[in-house]
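The values are calculated or read from the model by the stated rules, or taken from the named source; none is laboratory data. If you're wondering where the values come from, they're calculated on a predicted model, not measured in any experiment. Positions of Cβ are backbone-derived with ideal geometry, glycine not excepted, and every protein chain shown enters the neighbour counts.
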Amino acid sequence: MPVTSDSTTVTITDAKNPNTSVKILNYGATVLSWKVDGKEQLWLSEASKLDGSKAVRGGIPLVFPRFGPAKGNHPDTDKLPQHGFARNSHWEFLGQVDEATAQFGLGPENLDADLKAAWDHDFSLIYTVKLAGPDALQVSLDVVNPGTAPFDFNVLLHTYYRVPEVTDVSVQGFNDLAFVDKVGAGGEKKQGQSPITINEEVDRIYKDTPKTATIESKGKTLFTVTASESLKDTVVWNPWTEKARGMSDFEPKDGFHQMICVENGYVAQFNKLPAGEKWNCALDIKAHI
Ligand code: TA6
């Protein structure tokens, strides 16, 4: 049975290779693990909470309906916690679409009362996770507005890619795109340069990014990442020493050497979804093991 579930997780196993699988925690509909022929492709903190007490530190957390902390400039979402509520809510496993695909749903009925009060809109999220091949993972999200008024939202797939050593990594495909630098005081627009490398804390928002990027190490491609047109922007993040030390759920403390977040989303501004309409995004990741 390639799709199996228990009370807290769903696992999709490749029908042709039992060592290839993806595991999703119902809490946050968070992809916790993606193994290709037994080799883990995602980074997950050893101190990550998996009991629903806190958003998962690692894997692919989902960010909706706001990205980042409240800034006091968006009353409709400013009462929400950082990165919204999708990653820290109990999603419903809707079942398998086929032997390689599972679906999860979230609506107002799934939200804690405080979160529902903080963002009182009718909405429906349908998240689909697919083992799209022996070395491919596809995730896609439908955002539906069944209500009678529009709402503004951000979406981000906060993917923690596992890498051998982040200082050997280069992210190709962004050309020399400018970025907003969130490190320090944050918010300064800076000129980028290609490839993106990591030798310190990096926390950048790249707007209107090309739809395909590669994550390489020592000239070898580790991942090819292809985003739908609707995922306009990309965040690149590595907490480095101090920020890793400051996160209680980030372990081991030097684990930032084995991860890089390349996060496809719609975050540079809010997206308005009219009443009765649906928005979709998809991300395809190929692992080159
Ligand atoms: O996506 C990058 C970022 O917004 C960083 O600024 C950092 O805050 C990271 O997300 C992790 O946020 P979290 O709320 O999961 O600690």
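Just a few scattered comments:
- Thr11 fulfils the conditions (1) touching a Gly at 6+ places or on another chain (Cβ under 6 Å); (2) surrounded by fewer than 22 Cβ atoms within 10 Å (Cβ to Cβ) except for a single criterion, (1).
- Residue check for Val97: closer than 30 Å to Lys39 by Cβ and away from the ligand (no atom under 16 Å from the Cβ): yes
- For segment 62-93, taking the residues that are among the acidic types (Asp, Glu) and in contact with a strand residue (DSSP E or B) (Cβ under 7 Å, 6 or more places away or on another chain), the one that is nearest to the ligand (Cβ to nearest atom) is identified as Asp76.
- The residue list Thr167, Thr209 contains one member that is surrounded by 19 or more Cβ atoms within 10 Å (Cβ to Cβ) and either of a type in the set (S, T, N, Q) or in a loop (DSSP other than H, G, I, E, B) (or both), which is Thr209.
- Failed item in (1) within 15 Å of the ligand (Cβ to nearest atom); (2) more than 19 Å from the chain's Cα centre (by Cα); (3) of a type in the set (D, E, K, R), with Asp176 passing the rest: (1)
- Within segment 179-219, being of a type in the set (Ser, Thr, Tyr) and either within 16 Å of the ligand (Cβ to nearest atom) or modelled with pLDDT under 95 (or both) holds for Ser194, Tyr206, Thr209.
- Cross-chain or 6+ apart pairs with Cβ under 7 Å, segment 224-239 first and aromatic (Phe, Trp, Tyr), then part of a strand (DSSP E or B) and within 15 Å of the ligand (Cβ to nearest atom): Trp237/Val202; Trp237/Asp203; Trp237/Cys261; Trp237/Glu263
- Tabulated pairs, segment 173-186, first surrounded by fewer than 18 Cβ atoms within 10 Å (Cβ to Cβ), second at pLDDT below 95 and not in a loop (DSSP other than H, G, I, E, B), C-beta under 6 angstrom, 6+ apart or interchain: Asp181/Glu188
- Residues (in contact (Cβ under 8 Å) with a residue 24 or more places away in the chain and surrounded by fewer than 13 Cβ atoms within 10 Å (Cβ to Cβ)) located in segment 241-274: Glu242, Ser248, Pro252, Lys272, Pro274
- Qualifying positions in segment 151-164 - outside any strand (DSSP E or B) and surrounded by 16 or more Cβ atoms within 10 Å (Cβ to Cβ): His158, Thr159, Val163
- Some residue of segment 259-278 being modelled with pLDDT under 95, in a loop (DSSP other than H, G, I, E, B), at positive phi and away from the ligand (no atom under 15 Å from the Cβ): no
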